[in-house]
1. Check Lys39, Lys24 and return the single one that is open to solvent by 40 Å² or more (accessible area, probe 1.4 Å) and either more than 7 Å from ligand 1 (Cβ to nearest atom) or not assigned by TED's automatic domain parsing to the domain that holds Val120 (or both).
2. Given the residues Thr247, Thr235, Thr162, which is the only one that is of a type in the set (Ser, Thr, Tyr), within 14 Å of ligand 2 (Cβ to nearest atom) and within 30 Å of Leu106 (Cα to Cα)?
3. Which pairs do you get when a residue that is within 16 Å of Gly290 (Cα to Cα), found in segment 141-156, comes within reach of a residue that is more than 10 Å from ligand 2 (Cβ to nearest atom) and open to solvent by less than 30 Å² (accessible area, probe 1.4 Å), reach meaning Cβ atoms under 6 angstrom, with the pair 6+ apart or on two chains?
4. Inspect all residues belonging to segment 164-172 and state whether any of them is modelled with pLDDT of 95 or more, at positive phi and touching a helix residue (DSSP H, G or I) at 6+ places or on another chain (Cβ under 7 Å).
5. Please indicate, with yes or no, whether at least one residue in segment 254-261 is over 17 Å from the mean Cα position of the chain (by Cα), open to solvent by 10 Å² or more (accessible area, probe 1.4 Å), touching a residue at least 24 places away in the same chain (Cβ under 8 Å) and within 24 Å of Tyr86 (Cα to Cα).
6. Suppose we filter segment 205-221 for residues that are under 22 Å from Ser317 (Cα atoms) and crowded, with 16+ Cβ neighbours inside 10 Å; how many remain?
7. Which one of these is crowded, with 18+ Cβ neighbours inside 10 Å, farther than 19 Å from Pro308 by Cβ and away from ligand 1 (no atom under 16 Å from the Cβ): Met130, Met171?
8. What about Asn104, is it polar (S, T, N, Q), surrounded by fewer than 20 Cβ atoms within 10 Å (Cβ to Cβ) and assigned to a helix (DSSP H, G or I)?
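The values are calculated or read from the model by the stated rules, or taken from the named source; none is laboratory data. In this text, all values refer to a predicted model and were calculated from it rather than measured experimentally. In this analysis, Cβ positions are derived from the backbone assuming ideal geometry, glycine residues included, and neighbour counts consider all displayed protein chains. Note: areas computed on protein heavy atoms with side chains; ligands, DNA, RNA excluded. Shrake-Rupley method; radii C 1.70, N 1.55, O 1.52, S 1.80 Å.
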Amino acid sequence: MPTALITGITGQDGLYLAELLLGKGYDVYGLIRGQNNPKRALVEKEVPGVKLLTGDITDLSSVMRALNVSQPDEVYNLGAISFVAYSWENAHLTTQVTGNAVLNMLEAIRLYAGTDIGKVRFYQASSSEMFGKVQDVPQRESTLLWPRSPYGVAKVYGHYMTINYRESYGMHASSGILFNHESPRRGPEFVTRKVTQAVARISLGLQDQISLGNLDAKRDWGFAGDYVDAMWRMTQAPEGDDYVVATGETHSIRELLDLSFARVGIEDWDKHVYIDPQFFRPAEVDLLIGDPAKAKEKLGWEPTVTFPELVNMMVDSDVAQQSAQAGA
Ligand code: NAP
Ligand code: G4F
């Protein structure tokens, strides 16, 4: 039975990846930070088979300890400060967690593996946010990176460090350049979930308005369950490599609003949406659309959930959750 260690186990992708790997018969360990992490109970409820180890990816010795205890065949580094807007306000911390800690992960694996560098396969959660001010449409693996946020810059560092460990030490290290992926487990700070939660509450008469920033930005949105499957396929490939994971379609925040409100029978959403300058970013990523041709050809990966299906899944889940809370 293979063993996997996942950082970022309490996050959206950590939960989906743990479910996927447990379903395949893996022994799964998750790294959880803090002495009393409030999301521990969620992980224990949703993926009870996961063995939790305390540690922080910025603390090399805690990562070494986690490797020694779990003895993993595969390590998935999903841990990060992942909210782009927050990264301007906490740029140094984002650099440490989202950027420098990738070096900790790679170095810990190199030290742990010793002369048998092939014994651990590594996945790094890179991001389409690295494309920033996009230099190609659609974006692919060879597109010049031009990050537009402290988060994006930190991800570029982790991306190139992963490539560097592959080239320097022959490590089986892959970097998944994942475009936005969402689900009912998405954090409420991200625009999709912020919208679907608010739409659910508006439809139930629990609130009247939602405040948003730039409605013209466009994103290539897929379903998180599909994207963790791409991560796993990368670690199974004969060699480590870099892959764009995307749907190949792009949609604006306005389209997200159209579909979300339509799902609850509201066609004219203008009166419910308030534009608040606080949600505009110092530098915006205007357009993301990925070309997943390489992942399709080399990994046999395909997205299975369309954008309207994803929005409906999230709105329906939030309506159920908000109704249950209101009735409780
Ligand atoms: P998420 O829900 O925000 O989860 C982030 C995870 O990182 C949480 O489990 C968090 O733990 C953990 N973490 C934060 N600081 C840490 C630290 N110092 N040590 C250990 N763990 C730490 O993010 P996600 O959407 O699942 O994304 C997973 C990864 O993919 C992230 O690296 C993200 O940047 C990247 N990514 C995401 C997308 C997307 O659209 N979702 C696209 C491209 C790349 P706490 O609960 O303790 O805070
Ligand atoms: O949902 P978002 O916060 O996601 P963003 O910035 O694209 O980042 C996500 O995807 C990246 C992959 O490309 C990941 F690497 C990253 O970790 C994260 O998962 O914002 C999407 C768009 C932006 O253009 C933003 O300006 O929505 C726009 N937006 C408009 N109003 C808003 C809001 N975003 C948020 N979060 N909140 C708003 O009120």
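1. On the way: Lys39 fails: either more than 7 Å from ligand 1 (Cβ to nearest atom) or not assigned by TED's automatic domain parsing to the domain that holds Val120 (or both).
Lys24 is the lone residue from the list that is open to solvent by 40 Å² or more (accessible area, probe 1.4 Å) and either more than 7 Å from ligand 1 (Cβ to nearest atom) or not assigned by TED's automatic domain parsing to the domain that holds Val120 (or both).
2. Working: Thr235 fails: within 14 Å of ligand 2 (Cβ to nearest atom); Thr162 fails: within 14 Å of ligand 2 (Cβ to nearest atom).
Going through Thr247, Thr235, Thr162 in turn, just one is of a type in the set (Ser, Thr, Tyr), within 14 Å of ligand 2 (Cβ to nearest atom) and within 30 Å of Leu106 (Cα to Cα): Thr247.
3. Glu141/Asp242; Glu141/Val244; Leu145/Val156; Pro147/Val156
4. Pass one, segment 164-172, residues modelled with pLDDT of 95 or more: 164-172.
Filter once more, keeping what is at positive phi: 170.
Then drop every residue that is not touching a helix residue (DSSP H, G or I) at 6+ places or on another chain (Cβ under 7 Å), which leaves 170.
Within segment 164-172, one or more residues are modelled with pLDDT of 95 or more, at positive phi and touching a helix residue (DSSP H, G or I) at 6+ places or on another chain (Cβ under 7 Å).
5. yes
6. The first filter runs over segment 205-221 and keeps only residues under 22 Å from Ser317 (Cα atoms), leaving 205-212, 219-221.
Among the residues that remain, those that are also crowded, with 16+ Cβ neighbours inside 10 Å are: 210, 212, 219-221.
Of the residues in segment 205-221, 5 are under 22 Å from Ser317 (Cα atoms) and crowded, with 16+ Cβ neighbours inside 10 Å.
7. Working: Met130 fails: away from ligand 1 (no atom under 16 Å from the Cβ).
Within the list Met130, Met171, the selection yields Met171.
8. Values: polar (S, T, N, Q): yes; surrounded by fewer than 20 Cβ atoms within 10 Å (Cβ to Cβ): no; assigned to a helix (DSSP H, G or I): yes.
No.
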